[in-house]
Amino acid sequence: TCVPCREGAFASREGLGACELCPPGTTSEIGSTTCSACAPGTYTDHSGSGTCIPCPYPLSSPRGSVNCPICLSILDDGYYLKNLAVDGAKMLAQPNQYCRPCPERADCSASNTTITSLGVPRGYWRASPYTSELHRCILSDACVGSTAGSVVSDAQ
């Protein structure tokens, strides 16, 4: 008699002697013939997972992910990625260290907002593209600002 494959495993056709494990980023129900990609905002990091795990706030992930490598700012405004060279595992372990709320008066509305692409409103400046602290200009006409998503290399 045939035994249906467990959650997280599949048999591509009837009559196979063994089930195969679903690869990372996918899962399956009992008795499945294929694996399904994890929905956006969820992930599996190992083969044979029976369920996709929700990403911890404020992280998210695209469909079929093996971790949660992105801040919600990529999907929604309100957050930015503080460290551009962050390792995915570190980000998953300490999301609030890397995904930061948008600073007051800054513009984080563009997709993929990072520390270097924070929007700075007219009349404000920041000391470098690697700081999130905004300062009011004494001569407001001298500070033209920037739009969200514009990567800068000098002080704004």
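The values are calculated or read from the model by the stated rules, or taken from the named source; none is laboratory data. For clarity, every value in this text was computed on a predicted model and none was experimentally measured. Note that each Cβ is placed from the backbone with ideal geometry, even for glycine, and that neighbours are counted across all protein chains shown.
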Scan the range 1-35 residue by residue and report those that are under 24 Å from residue 67 (Cα atoms) and polar (S, T, N, Q). 26, 27, 28, 32, 34
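Table: residues versus (1) touching a residue at least 40 places away in the same chain (Cβ under 8 Å); (2) over 15 Å from the mean Cα position of the chain (by Cα); (3) in a loop (DSSP other than H, G, I, E, B).
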site	(1), (2), (3)
40	no, no, yes
51	yes, yes, yes
68	no, no, yes
80	yes, no, no
90	no, no, no
100	no, no, no
105	no, yes, yes
128	no, yes, yes
133	no, yes, yes
Can we say residue 105 is of a type in the set (Lys, Arg), surrounded by fewer than 17 Cβ atoms within 10 Å (Cβ to Cβ) and at positive phi? yes
Tell me which residues, restricted to the range 101-132, are more than 22 Å from residue 59 (Cβ to Cβ), touching a helix residue (DSSP H, G or I) at 6+ places or on another chain (Cβ under 9 Å) and hydrophobic (A, V, I, L, M, F, W, C). 125
Within the range 64-77, identify whether any single residue is of a type in the set (S, T, N, Q) and under 30 Å from residue 144 (Cβ atoms), and answer yes or no. yes
Can you tell me which residue within the range 10-32, out of those that are small (Gly, Ala, Ser) and crowded, with 19+ Cβ neighbours inside 10 Å, is farthest from residue 95 (Cα to Cα)? 11
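Inspect all residues belonging to the range 42-53 and state whether any of them is more than 30 Å from residue 18 (Cα to Cα) and touching a Leu at 6+ places or on another chain (Cβ under 9 Å). Explain how you work it out, then say what you get.
Keep residues of the range 42-53 that are more than 30 Å from residue 18 (Cα to Cα), which gives none.
The answer is no; no qualifying residue exists.
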Complete set of residues in the range 33-76 that are modelled with pLDDT under 80 and crowded, with 17+ Cβ neighbours inside 10 Å: 58, 59, 60, 68, 69, 70, 71, 72, 73, 74
Residues being surrounded by fewer than 16 Cβ atoms within 10 Å (Cβ to Cβ) and either among the small types (Gly, Ala, Ser) or at pLDDT below 80 (or both) - total across the range 108-131: 5
Residue 91 meets each of (1) at pLDDT below 80; (2) in contact with a Ser or Thr (Cβ under 6 Å, 6 or more places away or on another chain) with one exception, condition (2)
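Which residues, counting only those in the range 10-38, are assigned to a loop (DSSP other than H, G, I, E, B), small (Gly, Ala, Ser) and under 26 Å from the mean Cα position of the chain (by Cα)?
Of all residues in the range 10-38, those assigned to a loop (DSSP other than H, G, I, E, B) come to 11-19, 22-25, 28-35, 38.
Checking the rest, the ones that are also small (Gly, Ala, Ser) come to 11-12, 15, 17-18, 25, 28, 31-32.
25, 28 - these are the residues of the range 10-38 that are assigned to a loop (DSSP other than H, G, I, E, B), small (Gly, Ala, Ser) and under 26 Å from the mean Cα position of the chain (by Cα).
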